[in-house]
Amino acid sequence: MKSFLFKPVVLIILILLFAPGCSENHPGQAQAEAADPVVTTEFELPGLDGTPHRLSDWRGEWVLVNYWATWCAPCRKEIPDFSQLHDRREDITVLGLAFEDTDVATFEQFLVEYPASYPILLVDVYNPPEALGAPMALPTSYLIDPDGVLVETWIGPLTGAQVEARIENGPDA
């Protein structure tokens, strides 16, 4: 009886071990095919003054999109560093996405104490940009390449030096 059950079990194990290798796709090939379509990230959000801004307005530059809120301590720490990055590098634009259900006056008052030299865009927390979705945590930052392709996502605090290293050295930075 043991022999009768043993052979089918061994056969099933062998099939499961070798069947994945029979596919026409090879590991490197699947990744290359998935990378072929160029997906550009796009959204439109109002600035503090109500003027609409599209991500594509900054096409040709690296764009750091940073979700933040006034109550977020790490976000407050990022603002001066990202302002320096924005001011220092002509090829990098920082966009601050204010992700908080409050009025413009509250943001303007906050920005007196924590001035940002980069554009601040308002996000409807109940309807965030579809291209990025709602952040899982704050701060959350996205790096968009000059062609408009999302190339990196950071959840949690980030520095301008980390952004520059990613741009200069690629995904292994």
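Is it true that TYR142 is hydroxyl-bearing (Ser, Thr, Tyr), farther than 15 Å from THR41 by Cβ, in contact with a strand residue (DSSP E or B) (Cβ under 8 Å, 6 or more places away or on another chain) and surrounded by 14 or more Cβ atoms within 10 Å (Cβ to Cβ)? So that I can check it myself, show each step before the final result.
Numbers: hydroxyl-bearing (Ser, Thr, Tyr): yes; farther than 15 Å from THR41 by Cβ: no; in contact with a strand residue (DSSP E or B) (Cβ under 8 Å, 6 or more places away or on another chain): yes; surrounded by 14 or more Cβ atoms within 10 Å (Cβ to Cβ): yes.
No: the conditions fail for TYR142.
I'd like the residue in segment 112-125 that is in contact (Cβ under 8 Å) with a residue 12 or more places away in the chain and not β-branched (Val, Ile, Thr) and, out of all such residues, is surrounded by the fewest Cβ atoms within 10 Å (Cβ to Cβ). Full working, then the answer.
Of the residues in segment 112-125, the ones in contact (Cβ under 8 Å) with a residue 12 or more places away in the chain are 114-123, 125.
Still in the running and not β-branched (Val, Ile, Thr): 114-119, 121-122.
Values: TYR114: 15, PRO115: 10, ALA116: 19, SER117: 13, TYR118: 18, PRO119: 18, LEU121: 22, LEU122: 20.
In this case the residue turns out to be PRO115.
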Pairs with Cβ under 8 Å, 6+ apart, first in segment 96-111 and closer than 10 Å to VAL125 by Cβ, second in a strand (DSSP E or B): ALA98/TRP68; ALA98/ILE120; ALA98/LEU121; ALA98/LEU122; PHE99/TYR67; PHE99/TRP68
Strands (runs of 3 or more DSSP E) contained entirely in segment 1-80, each with at least 2 residues that are touching a helix residue (DSSP H, G or I) at 6+ places or on another chain (Cβ under 8 Å) and at pLDDT 55 or above: 62-68
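The values are calculated or read from the model by the stated rules, or taken from the named source; none is laboratory data. Since this is a predicted model, take the numbers as computed values, not measurements. With ideal geometry, Cβ positions are generated from the backbone for all residues, glycine too; neighbour counts draw on all protein chains shown.
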